[in-house]
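Here the structure comes first, spelled out in structure tokens, and everything after it is commentary.
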Amino acid sequence: MDVEILYKPSYSLGMLKLAGGEEVRVEGGAMVSMSAGVTIETKATGGILKSLARSFLGGESFFQNTFLAPAGGGEVSVAPALPGDMFSINLNNESLMVQSGSYVASESGVELDTKWGGAKTFFASEGLIMLRTTGNGELLLSSYGAIHEKNLIDGEKFTVDTGHLVAFTEGIQFKVNKVGGLKSTFFSGEGLVVELTGPGRVLMQTRSTDAFLAWLLPQLPKPSSTSSSSTIKFG
């Protein structure tokens, strides 16, 4: 599968070019278009239990779509729900931990599973519930905002806000902590952070859905306290 990402980094569109008989797994709702002859099969990938874990713990769809190209090849375009970037990674017998909601598509050689980050991560703003992607093949991820990559050397420590973490190499040591003291945690606007220790690669997004919602919700009109019903008088 060849991957081309257009319109980076704000409104990215992933163009997936498939050889004859090649298939690609796509997150439900992510397909934008497909060429003639491409067929689609919808199923609970990995069985009922894995699909339930991926849906309830990993933030992904219970059902996923598999697109199969005809003998002459085909094309499928995909896009995430939120405006932002996409990032293509070729896994080579390696594993990547992916933040819930960031998975878009992958080749059939990439396996998906759900993995808890530990008891403390349950209290993070986004849960830090991760999908474990492993195997061989292209993996397409999305972000809210642009994607920034950081490569950590052995023993290097790095701190990322939970709302900005997209993915990191499995094997990187990590723990969720408060940004500072109790006052900083509740009033600095930073919340909780992930402390990572290399070696490995880290992908971050330049915007946070948590921060956006915190700005947006106070701007929305408040419901009226007066009754919406009207009184009709006769005579």
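Please treat every number below as a calculation from the coordinates, not as lab data. The shown structure was predicted, so the numbers you read here are calculated from the model rather than taken from an experiment.
A few comments on the model shown:
- Phi angles of segment 79-92 translate, via the Karplus equation with coefficients 6.51, -1.76, 1.60 and θ = phi - 60°, into HN-Hα couplings of 7, x, 6, 9, x, x, 9, 10, 9, 9, 10, 9, 7, 10 Hz per residue; Gly and Pro are given as x.
- Couplings 3J(HN,Hα) of segment 199-206, computed from phi: x, x, 9, 10, 10, 10, 9, 7 Hz, in residue order, whole Hz [Karplus 6.51 cos²θ - 1.76 cosθ + 1.60, θ = phi - 60°; x for Gly and Pro].
- Placed amide H near GLY73: partners under 5 Å, 5+ positions off or other chain: GLY20, GLY21
- Karplus-derived HN-Hα couplings along segment 7-19 (A = 6.51, B = -1.76, C = 1.60, θ = phi - 60°), whole Hz, x at Gly and Pro: 6, 5, x, 8, 10, 5, 10, x, 9, 9, 9, 9, 6
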